[in-house]
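Below: one structure, written as structure tokens.
FYI, it's all coordinate maths here, none of it is from the lab. The structure displayed is predicted, hence computed values, not measured ones. Please note: Cβ atoms are built from the backbone with ideal geometry, for glycine as well, and neighbour counts cover all protein chains shown.
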Amino acid sequence: IIMGNKQTRRHFLVQGSQAGISCCLLMCGGKLLAMPASVEDLPDLKELTYCGYKCSMECILYKGTRNDDEDLKKKAYEEWGMKERYGVEYEPEQIFCHGCKNAEKPQSLVVQKCTVRACAIEKEHECCIQCKELADCDEDLWMRFPQFREKVLEMQAAYFKG
């Protein structure tokens with residue numbers, strides 16, 4: 001039993017990863033504004049998240065975490081529907097984001113449950129762009145956000161071409 005509901009561990013992990021990726025992508029109003037304008041502008045892989053996204057420093061959750069601003073954290077919690085997505089009540093110390101690659105800081109529940117992150121770490125990749133199996137990857141992220149998947153595949157093509 002997880003968080004008072006009967007569900008399998010796998011189901012919980014899938015829901016957690018879906019919620020996490022959705023949350024990250026919703027940070028910019030559902031748009032991939034933080035992505036490079038073209039594949040020629042491909043950033044350093046260390047600047048990207050494991051899935052290929054480039055988080056904005058202006059993200060309200062990141063700013064709320066960085067500045068220990070409870071109002072911004074609460075705003076992110078409410079705007080991104082974290083109660084519905086994660087099944088958690090608002091607790092300021094539980095709602096935070098230090099990014100998915102920051103090994104020096106605690107990882108949020110969303111980051112811990114991200115299947116894309118887990119896969120990239122297991123394969124010792126800085127980013128999914130390095131994975132030769134990316135085009136055939138069936139992680140939920142790619143199914144839920146096909147335009148994002150296409151952008152990441154374009155970036156991958158430029159990565160291997162260059």
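Numbers at a glance
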{"read-out": "Relative contact order (percent, whole number), region 67-148, Cα cutoff 8 Å, 6+ residue spacing", "value": "15"}
{"read-out": "Separation of the Cys131 and Gln112 label points, Cα + 7 Å toward Cβ, nm", "value": "2.2"}
